[in-house]
1. Starting from residues that are among the acidic types (Asp, Glu) and touching a Lys or Arg at 6+ places or on another chain (Cβ under 9 Å), keep the ones in the range 11-26 and report whichever is least open to solvent (accessible area, probe 1.4 Å).
2. Quick one: which of 175, 210 is open to solvent by 40 Å² or more (accessible area, probe 1.4 Å), at pLDDT 55 or above and of a type outside the set (Ser, Thr, Tyr)?
3. Determine, yes or no, whether residue 88 is open to solvent by less than 60 Å² (accessible area, probe 1.4 Å), β-branched (Val, Ile, Thr), under 25 Å from residue 117 (Cβ atoms) and not in a strand (DSSP E or B).
4. So which pairs qualify, if the first residue must be in the range 16-27 and under 20 Å from residue 153 (Cα atoms), the second must be open to solvent by 70 Å² or more (accessible area, probe 1.4 Å) and in a helix (DSSP H, G or I), the Cβ gap must be under 6 Å, and the two must be at least 6 apart or on different chains?
5. What tally of residues in the range 101-131 results from selecting those that are over 22 Å from residue 15 (Cα atoms) and not in a loop (DSSP other than H, G, I, E, B)?
6. Among the residues of the range 36-53, which ones are part of a loop (DSSP other than H, G, I, E, B), of a type in the set (A, V, I, L, M, F, W, C) and open to solvent by less than 60 Å² (accessible area, probe 1.4 Å)?
7. For the range 64-80: of the residues being modelled with pLDDT of 95 or more and open to solvent by less than 40 Å² (accessible area, probe 1.4 Å), which is farthest from residue 3 (Cα to Cα)?
8. Please enumerate the residues belonging to the range 198-213 that are on the phi < 0 side of the Ramachandran plot and either part of a loop (DSSP other than H, G, I, E, B) or among the small types (Gly, Ala, Ser) (or both).
Amino acid sequence: MRVILFGATGMIGRGVLRECLLDERVSAVLAVGRAATGVSHRKLREVPHDDLLDLAPVEGELGGYDACFFCLGVSSAGMKEKEYRRITYDFTLSVGETLARLSPGSTFVYVSGAGTDPHGRAMWARVKGETENALLALPLEAYMFRPGFVQPMHGVRSRTRLYRAAYVITRPLFPVLRRVFGGGMTTTEQIGRAMIAVAERGAAKRILGPADINAL
């Protein structure tokens with residue numbers, strides 16, 4: 001399969017990129033984003049683009065792919081709703097609507113988050129929930145991944161300073177946390193492998209929590 005990847009320089013995106021490059025089922029990966037991944041691989045091609053609200057300059061590169069793994073996201077901490085919505089909803093729907101037109105019926109996997117709720121009281125949960133619903137209404141095979149606590153694997157690191165510090169502090173506790181929270185935890189490796197599995201054969205439901213991701 002041929003895969004488009006958005007957010008390849010983020011923590012989850014880097015994990016997904018690694019699994020795509022390792023998996024024989026994936027024949028090509030197109031990474032679209034502002035920054036270079038720093039990865040060199042025969043299956044990987046990168047297209048630099050910094051305005052996801054205007055995909056016209058790169059639209060000719062985006063057709064003919066089997067799946068899109070959308071891992072682009074931002075923490076809502078300290079953000080006003082208007083700016084958070086622009087990045088979370090507007091960017092995502094710009095890509096989703098473009099791919100629905102270019103490759104209708106292709107798979108679109110969106111990294112959302114545990115606790116997402118379009119009617120929730122928390123701003124981030126509401127915006128992500130609205131994003132999910134809008135994607136599910138498009139003519140795509142759309143799947144929403146809602147990971148909880150994500151353990152970075154194989155040298156992958158979060159780009160958010162606060163999260164990096166939290167991972168350093170909690171790393172020795174990962175085995176204990178896994179026993180305590182079980183299905184509420186997943187890893188960057190498991191998310192990447194689950195995305196490939198969904199693109200290959202689909203899943204029983206469109207909204208997938210940590211336990212569902214791990215099972216895939």
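The values are calculated or read from the model by the stated rules, or taken from the named source; none is laboratory data. Just so you know, these numbers come straight off a predicted model, no measurement behind them. Counting neighbours? That spans all protein chains shown, and the Cβs are built from the backbone with ideal geometry, glycine included. Ligands, DNA and RNA are stripped out before the accessible areas are found, and what is left, the full protein with its side chains, is counted by its heavy atoms. Shrake-Rupley method; radii C 1.70, N 1.55, O 1.52, S 1.80 Å.
1. Within the range 11-26, the subset among the acidic types (Asp, Glu) is 19, 23-24.
Cutting the leftovers down to touching a Lys or Arg at 6+ places or on another chain (Cβ under 9 Å) gives us 19, 23.
Working: 19: 10, 23: 29 Å².
Ranking the candidates gives 19 first.
2. Values: 210 fails: open to solvent by 40 Å² or more (accessible area, probe 1.4 Å).
Criteria check complete, one pass: 175.
3. On the way: open to solvent by less than 60 Å² (accessible area, probe 1.4 Å): yes; β-branched (Val, Ile, Thr): yes; under 25 Å from residue 117 (Cβ atoms): yes; not in a strand (DSSP E or B): yes.
Taking the combined requirement at face value, the residue satisfies it.
4. Final answer for the pair search is 19/193.
5. Counting residues in the range 101-131 that are over 22 Å from residue 15 (Cα atoms) and not in a loop (DSSP other than H, G, I, E, B) gives 10.
6. So the first thing to find is which residues in the range 36-53 are part of a loop (DSSP other than H, G, I, E, B), and the list is 36-43, 49-53.
Applying the additional criterion that residues be of a type in the set (A, V, I, L, M, F, W, C) yields 36, 39, 52-53.
Listed by number, the residues that qualify are 39, 52.
7. By that ranking, first place goes to 71.
8. Start the filter on the range 198-213 by keeping residues that are on the phi < 0 side of the Ramachandran plot, which leaves 198-201, 203-213.
Of everything in the range 198-213, those that are on the phi < 0 side of the Ramachandran plot and either part of a loop (DSSP other than H, G, I, E, B) or among the small types (Gly, Ala, Ser) (or both) turn out to be 199, 203, 204, 205, 206, 209, 211.
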